[in-house]
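Reviewing the structure listed below.
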Amino acid sequence: MELKDEIRRRRKELNLTMAGLARLVGTNKSTVLHWERGDLRPNLDSVMKLAEFFGITETELLHPKAENEENEDSKNVQ
C-alpha cells in the first residue's frame, strides 16, 4: 500500500471529508486531494500532524503494510 492510499483509507475510516481532514491538520482541501492522488507528498510537518491525528507513528503512515500482510500477521498471532 502507498502513502496516498493510506491517507485516503484512514480518512474514510473516520468518515471525514477531504475538507474536514484538511481543517484538522492545518492545510486545505486541494492539498489533501493532491496527497490522495499521489501528485504531492505531505511535508514533514504534515506527516507528523497526520500521524498524530490518526494515532499512529510517522513510520506507520509512510510505510503502511498491505492489507494482506496485516491479515497474515493477525493469523500468526492466534
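Readers should treat all values here as calculations from the given coordinates under stated rules, not as data from a laboratory. Quick caveat, the model's predicted, so the values are computed rather than measured. Quick reminder, even Gly has a Cβ in these numbers, built from the backbone with ideal geometry, and neighbours come from all protein chains shown.
Between Glu13 and Glu52, the modelled labels are 2.0 nm apart [label points 7 Å from Cα along Cα→Cβ].
Here the relative contact order of region 1-40, from alpha carbon pairs under 8 Å that lie six or more residues apart, stands at 39 percent.
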